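The values are calculated or read from the model by the stated rules, or taken from the named source; none is laboratory data. Note that this is a predicted model, so its numbers are computed, not measured. Ideal geometry is used to build each Cβ from the backbone, glycine not excepted, and the neighbour counts take in all protein chains shown.
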């Protein structure tokens, strides 16, 4: 039976952690994810879970301790944001290359500099090539649901990779929304117990974790990571189907909102998708055929699936809440454009950069973008292919 509640995104993820009752959580505070270890440590202090909480001296140490605990056979996790994730950089690569299915609650916040504590996706996107699975949420409900699905995905024997569950800092992490929670027993049955096949503290079966890899073997290890990421795509869908059975809420690699007959589609990640959906509703009332494709899973990147979802459209606006500093667009713009080209979907595509360091993105902004796409297709207007939204002149 669903439990109706009102929670912030940080509270929702912390509640999911309480229900999962992981073995070990090392953490170091950083805005806006600080509440997650704070709330979890309160659960521990109150005797509601028996997770071992490890206060550490930095985010680098937090990920190091999480890796050590996971390698020893414990279900482990941590939480961070922004520069905290950047300080973990070396350890992120080690977690993935050692095939450790640990979890990270990432509350997205802009990376310095200049120093800013508001939301964009520069932290998560900066770690996009570290070998982690990355799943993003639009709202508090999705943040909760995604975290419940994290371990069944990561611990699957065909995957065995670390996973980031991402939500937008302050926008979802601190804003309170209505939410439906599952019963504790339902969560325990859905997530299950972690039973690693190989681990450091397995007596009589010694293994090495993170040994030096000579050139004759290192490349094969990288390929095996890539195969695991490819496997993760189907596992994510399988876990989502099981989650639908217990919750009634369905998830895929992405969500298509009124795209069936859409001529113009906006593709984006995270909380701003809700703003774009409102713009779609308003424009539909005016007879405009528009839609939103909200990407949920960024890694593994569903290139073929996205291309097929966009094939019937006349144009797509690809919105990045992150700058790649390559002079050509954002990370999502580059990957979606490549997906379209490789799958021979030759539609118009324009990359927009929006919402950096917490800059507002409004329904009016989304409507203007849809209008620009239509003007480009219908009237042949030349549109700048890489542009900033709401940039002050």
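With the structure loaded, tell me whether residue 186 is outside the structural domain of residue 74 (by TED's automatic domain parsing) and either touching a residue at least 40 places away in the same chain (Cβ under 8 Å) or loosely packed, with under 14 Cβ neighbours inside 10 Å (or both) or whether it fails that test. Full working, then the answer.
Values: outside the structural domain of residue 74 (by TED's automatic domain parsing): no; either touching a residue at least 40 places away in the same chain (Cβ under 8 Å) or loosely packed, with under 14 Cβ neighbours inside 10 Å (or both): yes.
No; evaluated as a whole, the condition is false for this residue.
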Single residue of segment 333-354 satisfying the filter (under 17 Å from residue 301 (Cα atoms) and touching a strand residue (DSSP E or B) at 6+ places or on another chain (Cβ under 7 Å)) that is surrounded by the fewest Cβ atoms within 10 Å (Cβ to Cβ): 337
For residue 383, the lone unmet condition from (1) assigned to a loop (DSSP other than H, G, I, E, B); (2) in contact with a helix residue (DSSP H, G or I) (Cβ under 6 Å, 6 or more places away or on another chain); (3) under 20 Å from residue 295 (Cβ atoms) is (3)
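On the basis of being farther than 19 Å from residue 193 by Cβ and in the same structural domain as residue 81 (by TED's automatic domain parsing), does residue 11 make the cut? Talk me through it step by step, then tell me what you get.
Details: farther than 19 Å from residue 193 by Cβ: yes; in the same structural domain as residue 81 (by TED's automatic domain parsing): yes.
It is true that residue 11 is farther than 19 Å from residue 193 by Cβ and in the same structural domain as residue 81 (by TED's automatic domain parsing).
Checking the structure you have, find out if any residue of segment 242-250 is under 27 Å from residue 173 (Cα atoms), at pLDDT 95 or above, out of contact with any strand residue (DSSP E or B) (no Cβ under 9 Å at 6 or more places or on another chain) and assigned to a loop (DSSP other than H, G, I, E, B).
yes
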Any residue in segment 215-222 that is touching a helix residue (DSSP H, G or I) at 6+ places or on another chain (Cβ under 8 Å), closer than 26 Å to residue 36 by Cα and part of a helix (DSSP H, G or I)? no
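Does segment 26-42 contain at least one residue that is assigned by TED's automatic domain parsing to the domain that holds residue 135 and at positive phi?
If we filter segment 26-42 for residues that are assigned by TED's automatic domain parsing to the domain that holds residue 135, which is where we start, we get 26-42.
Narrowing the set further to residues that are at positive phi leaves none.
No: zero hits.
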Would you confirm, using the coordinates I've provided, whether residue 270 is at positive phi and buried (at least 21 other Cβ atoms within 10 Å of the Cβ)? yes
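On the basis of being more than 22 Å from the chain's Cα centre (by Cα), under 22 Å from residue 82 (Cβ atoms) and modelled with pLDDT of 95 or more, does residue 354 make the cut?
On the way: more than 22 Å from the chain's Cα centre (by Cα): no; under 22 Å from residue 82 (Cβ atoms): yes; modelled with pLDDT of 95 or more: yes.
It is false that residue 354 is more than 22 Å from the chain's Cα centre (by Cα), under 22 Å from residue 82 (Cβ atoms) and modelled with pLDDT of 95 or more.
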Taking only segment 24-65 into account, find how many residues are surrounded by 17 or more Cβ atoms within 10 Å (Cβ to Cβ), in a loop (DSSP other than H, G, I, E, B) and touching a strand residue (DSSP E or B) at 6+ places or on another chain (Cβ under 8 Å). 5
